[in-house]
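A short write-up of the structure that comes next.
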Amino acid sequence: MLDRIAVAALRRDSHFLALAEARAKVGWTLAGAMIVLYFGFVFLVAFAPSVLATPVWGVITLGFPLGLLVIVSAVVLTAVYVSIANARFDPMQREILQRGFGTGEAGVRKLGDRQP
Amino acid sequence: MTSAPLAHHGANWTAILLFSAFVLLTLLITGWASRRTRSAADFYAAGGGISGAQNGVAIAGDFMSAASFLGISALVYASGFDGLLYSIGFLVGWPIIMFLIAERLRNLGRYTLSDVVSYRLAETPVRCLAAVSSLVVIAFYLIAQMVGAGQLIQLLFGLPYIYAEIIVGGLMILYVTLGGMLATTWVQIIKAVLLLAGATWMAFLVLYQFGFSLPALFARAVAVHPRHLGILRPAALAKDPVSAISLGVALMFGTGGLPHILMRFFTVRDAREARKSVLWATGLIGYFYVLTFIIGFGAIVLVSTDSAYVTPAHLLRGGNNMAAVFLAQAVGGDWLLGFISAVAFATILAVVSGLTLAGAAAVSHDLYARVIARGRSTEASEVRVSRYATVALGIVAILLGILFEKQNVAYMVGLAFAVAASANFPLVLLSMYWRGLTTRGALLGGWIGLTTAFVLTVLSPGIWVKVLGHAHAIFPYDSPALFSMPLAFLFCWLGSRLRSARDAGEAAAFDEQYVRSQTGLGATGAEAH
């Protein structure tokens, strides 16, 4: 079990709160974008199939490039999250772990020996 | 293109030879892995030593089942555009896993998703619930794979159905009992590489025939398909909007509740590597589904017009699932046919191995070590139980495969996704994000989600009419997730509102869980670095 006092201190720590908030904001925004894109497509299929049947490239209809767009955006949004997390969240997290417990890695180790 | 149809070929020697090479290679890897598999962490999570990229390829290998390769290209072959909704649906669950689940899951769990769900709640009942719903998901997924395997191997290799079941079940028992997660991971990686290579080559050969012009391919497909322009617009799914949306919900959120998939996140060192795995997996799976489209349309043009592959009544010999396999022969001759057949067999093996390992973990880690022995079991006995569980699950899978031989199992993967979206996903999400979730809420919502998804599927046209032979379905839609998933969330909330004395402790424990999920402090594996 993590040390209770350390947990309570971290829960009030401004850097920890900033990290948690930033991560939640990015995570839920991107999840929302994915849900809107996907269900936007599903709703077009369900309620406006004739829109998707418009030919756009030879016989190929609008539904195919739009579907491809959803596939590509799934990969792109995932890549966006990874790059934000690598560039921003990881350094913030390292900083909290080192600054908050002075002792660096050793402090971290002392703090976290819980096994579920 | 004039070769005789497969079904009358008898044994397909190229396929058997290539498949034997695959089996030999994977058995050598299993032997190597078995010397490295000693502790429980080795068995369930390959000691946490898989890299993010390796894990990403293995996830893709775990997820791209024979159903998605043969099934989606068959769907495109039969109805064109409608197949797109499935392939997109199977993909969009991955970003959701990335944004909301992967990192926290890695930081909180050890071997199974039940670790995460029961982290701060009353362990025994919550773990039982999570283990049971995981086993339900695994059982339906496994039956679908086993029956598919038997039918496919019968056609491709000319082997009797029962032999096919025994070969698949036997090999999977060997991989998992001896090599645990390490062997399973490498089987999945090799299979993913073979499948992606084979599908890429097929798509390339199809496009080559049309001067790399997609409009030319599509125009030809429209000209030869009996529904003509109809294959370029939504059809069946547009006629039943509620089913289309409900299917979308099941696919998008069910992926985040699949136990064998979530288990893979414990094989990497930390949350950063978990992220990398999801990116690799999403990219590869997305690419793969684009290929299945080219393959499906290629099959419309090259397979449906060839009397070697279709009956005079224009039905595909051996069933619609054979579209991609016949296309391999049409564009690449017997050698490519053998290669794709061997890959299809390898695909089934890799997926059933992952499923069995997840099932064994639910039995030995969740039910035996944590619920029955209440944490007093030794690690050695836990690993021993998981090996027995693997053998038992393997035998059960063979028997179920034989029992369901003549049944229509098309609904089973859908049912697995619906249960995963309606029980596992709400539990995983709420336990990580909602401080207010209590044991009572989790139990109420989880059991209601599980039973509703199950009962509504039984009452749906897919089972009530097509399998049980009643005249009218009691529940009119094909997928229950649109109703069962919100119901699960609602009852999790309601149950959590009914206060009890221990709730304060559970909310306080959320703080510790929250700090760990955000920072990785105390996460399994962190000490080793």
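Each value in this text was obtained by applying a stated rule to the coordinates, not by laboratory testing. Because the structure is predicted, anything quoted here is derived from the model rather than measured. Here Cβ is always computed from backbone atoms with ideal geometry, including for glycine, and neighbour counts include all displayed protein chains.
Take each complete run of DSSP H in chain B, measure how far its Cα atoms stretch along the helix's own axis, and keep only those covering 18 Å or more with mean Kyte-Doolittle hydropathy at least -1.0; list them. Intermediate results must be reported in sequence, preceding the final value.
Working: long enough: B:13-36 (34 Å, 1.34); B:82-96 (23 Å, 1.21); B:123-157 (47 Å, 1.48); B:161-209 (45 Å, 1.54); B:241-254 (19 Å, 1.77); B:271-302 (46 Å, 1.18); B:323-361 (43 Å, 1.75); B:379-403 (35 Å, 1.29); B:439-458 (28 Å, 1.23); B:481-497 (24 Å, 1.33); B:503-519 (24 Å, -0.85).
Span-like helices here: B:13-36, B:82-96, B:123-157, B:161-209, B:241-254, B:271-302, B:323-361, B:379-403, B:439-458, B:481-497, B:503-519.
Could you work out the mean count of beta carbons from other protein chains within 10 Å of each residue's beta carbon in A:43-51?
6
When the dipole is taken about the Cα centre of the protein assembly as shown, and only Lys, Arg (+1) and Asp, Glu (-1) are charged at their Cβ, what size is it in debye, to the nearest 20? Intermediate values should be presented prior to the final figure.
On the way: 43 positive and 29 negative charges, 214 e Å.
My answer is approximately 1020 debye.
Provide the convex hull volume over Cα atoms per residue for the stretch B:395-502, in Å³.
On the way: hull volume 12.3 nm³, N = 108.
Residue-normalised Cα hull volume stands at 114 Å³.
Note down the Stokes-Einstein diffusion coefficient of the stretch B:388-427 in µm²/s, whole number, using a Kirkwood radius over alpha carbon pairs, 4 °C, and 1.567 mPa s. Working shown, then result.
On the way: Rh = 11.9 Å.
The Stokes-Einstein estimate is 109 µm²/s.
Using the Karplus curve 6.51 cos²θ - 1.76 cosθ + 1.60 with θ = phi - 60°, what ³J(HN,Hα) values do you get for each residue of the stretch B:364-370, in whole Hz, with x for Gly and Pro?
7, 6, 7, 6, 6, 6, 9
So who's got an amide H within less than 5 Å of the one on B:G158, skipping anything under 5 residues away but keeping other chains? H placed 1.01 Å off N, in plane.
For B:G158, the qualifying residues are B:N12.
Specify, per residue and in Å³, the volume enclosed by the convex hull of the alpha carbon atoms belonging to the stretch B:331-393. The partial results should precede the final answer.
Numbers: hull volume 4.8 nm³, N = 63.
Once divided by residue count, the hull of the stretch B:331-393 is 76 Å³.
Using only the Cα atoms of the protein assembly as shown, what semi-axes does the equivalent ellipsoid have when each is the square root of 5 times a gyration tensor eigenvalue? Give whole Å, largest first. All intermediate terms of the calculation are to be shown ahead of the outcome.
Numbers: eigenvalues 330, 148, 112 Å².
So the three semi-axes of the protein assembly as shown are 41, 27, 24 Å.
Evaluate 2.2 N^0.38 Å with N set to the residue count of chain B, then give the Cα radius of gyration divided by it.
Working: Rg = 22.8 Å, N = 529, 2.2 N^0.38 = 23.8 Å.
Taking N as the residue count of chain B, the ratio is 0.95.
Which of the lysines could be linked to B:K406 by a straight reach, that is with a Cα gap under 16 Å, when you skip same-chain ones fewer than 8 residues away?
Counting by Cα, and skipping residues close in sequence, B:K406 has these lysines nearby: B:K466.
Which residues' amide hydrogens lie under 5 Å from the amide hydrogen of B:L459, considering only partners 5 or more residues apart or on another chain, with H built in the peptide plane?
none
Shape call for the stretch B:277-316 from the C-alpha gyration tensor, a ≥ b ≥ c root eigenvalues: rounded (a/c under 1.5), prolate (a/b greater than b/c) or oblate? Intermediate results must be reported in sequence, preceding the final value.
Numbers: a/c = 5.93, a/b = 4.08, b/c = 1.45.
It comes out prolate by the Cα gyration axes.
For the stretch B:310-414, what D do you get in µm² per second when you plug the Kirkwood radius from alpha-carbon pairs into Stokes-Einstein at 37 °C and 0.692 mPa s?
Numbers: Rh = 17.0 Å.
In µm²/s, the coefficient is 193.
With a 10 Å radius around each residue's Cβ, average the other Cβ atoms per peptide and rank A:48-60, B:418-430, B:222-234, B:286-298, highest first. Present the calculation step by step, with values, prior to reporting the outcome.
Values: A:48-60: 15.0, B:418-430: 30.3, B:222-234: 17.6, B:286-298: 24.1.
Listed from highest to lowest mean packing, they are B:418-430, B:286-298, B:222-234, A:48-60.
If R0 is 35 Å, what FRET efficiency do you get for B:S381 and B:W32 from their C-beta distance, rounded to 0.05? Don't skip to the answer; put the middle values down first.
On the way: r = 25 Å, r/R0 = 0.72.
Once the sixth-power term is evaluated, E becomes 0.85.
Tell me the relative contact order for the stretch A:1-102 as a rounded percent, counting alpha carbon contacts under 8 Å between residues six or more apart. Kindly include the intermediate steps, with their values, before the conclusion.
Values: 41 pairs, mean separation 33.7, N = 102.
Over the stretch A:1-102, the number comes to 33 percent.
Specify whether the C-alpha gyration tensor of the stretch B:99-140 places it in the rounded, prolate or oblate class, a ≥ b ≥ c being the square roots of the eigenvalues: rounded for a/c under 1.5, otherwise prolate if a/b is larger than b/c and oblate if not.
On the way: a/c = 2.50, a/b = 1.25, b/c = 2.00.
Since a/c reaches 1.5 but b/c is at least a/b, the shape of the stretch B:99-140 is classed as oblate.
Take every Cα pair under 8 Å in chain B that's 6+ residues apart, average their separations, divide by the length, and report that relative contact order as a whole percent. Don't skip to the answer; put the middle values down first.
Working: 919 pairs, mean separation 155.4, N = 529.
Once normalised by length, the contact order is 29 percent.
Which one, B:A362, B:V409, B:A330, projects farthest toward the positive side of the charge dipole computed for the stretch B:326-431 from Cβ point charges (K/R +1, D/E -1)?
The residue sitting most towards the positive pole is B:A362.
Through the Karplus equation 6.51 cos²θ - 1.76 cosθ + 1.60, θ set to phi - 60°, convert the phi angles of the stretch B:462-469 into ³J(HN,Hα) values in whole Hz; use x for Gly and Pro.
Each residue's phi maps through the Karplus curve to give x, 10, 4, 9, 6, 9, 8, x Hz.
Summarise the partner chain shielding of A:56-63 as one whole number: the mean count of Cβ atoms from other chains within 10 Å of each residue's Cβ.
Numbers: counts 1, 3, 8, 14, 7, 8, 2, 7.
For this peptide, the per-residue mean of nearby foreign Cβ atoms is 6.
With a 10 Å radius around each residue's Cβ, average the other Cβ atoms per peptide and rank B:401-407, B:55-61, B:193-199, B:24-30, highest first. Kindly include the intermediate steps, with their values, before the conclusion.
Values: B:401-407: 15.4, B:55-61: 28.0, B:193-199: 20.1, B:24-30: 17.0.
Listed from highest to lowest mean packing, they are B:55-61, B:193-199, B:24-30, B:401-407.
Along the stretch B:304-312, what does the Karplus equation 6.51 cos²θ - 1.76 cosθ + 1.60 (θ = phi - 60°) give for ³J(HN,Hα), rounded to whole Hz, x for Gly and Pro?
Residue by residue, the stretch B:304-312 yields 5, 9, 10, 5, 5, 10, 10, 6, x Hz.
Can you pull the one-decimal nm distance between simple spin-label points at A:S50 and B:A507, each 7 Å off the Cα toward Cβ?
5.4 nm
Distances longer than 18 Å among the Cα atoms of the stretch A:7-99: what percent of all pairs is that? All intermediate terms of the calculation are to be shown ahead of the outcome.
On the way: 2563 of 4278 pairs.
Counting pairs separated by more than 18 Å, the tail of P(r) holds 60 percent.
Quick one, what does Rg over Rh come out to for the stretch B:215-300 if you take C-alpha atoms and the Kirkwood Rh? Working shown, then result.
Values: Rg = 18.2 Å, Rh = 16.2 Å.
Across the stretch B:215-300, the Cα-based Rg/Rh ratio is 1.12.
For a quick check: with amide H placed at 1.01 Å from N, whose amide H comes under 5 Å from A:V56's, ignoring anything fewer than 5 positions away on the same chain?
It is A:T61, A:L62, by chain and number.
Using the Cα centre of the stretch B:1-151 as origin and beta-carbon charges of +1 (Lys, Arg) and -1 (Asp, Glu), tell me which of B:A67, B:L91, B:L28 is placed farthest towards the positive end of the dipole.
So the residue we want is B:L28.
Partner chain Cβ atoms within 10 Å, averaged over the residues of B:84-90 - can you pull that number for me? Write out the running numbers ahead of the final one.
Details: counts 10, 8, 0, 3, 12, 4, 0.
Per residue, the number of nearby Cβ atoms from other chains is 5 on average.
State the extension gain, in nm to one decimal, for the chain segment bounded by B:S213 and B:T305, taking 0.36 nm per residue of separation less the distance between their alpha-carbons. List each step's numbers first, then the result.
Working: separation 92, 0.36 × 92 = 33.12 nm, distance 1.98 nm.
Difference between extended and current length: 31.1 nm.
Given all pairs of different Cα atoms, what value in angstroms does the Kirkwood hydrodynamic radius of the stretch B:149-263 take?
On the way: mean 1/r = 0.0532 Å⁻¹.
One decimal place: 18.8 Å for the Kirkwood radius.
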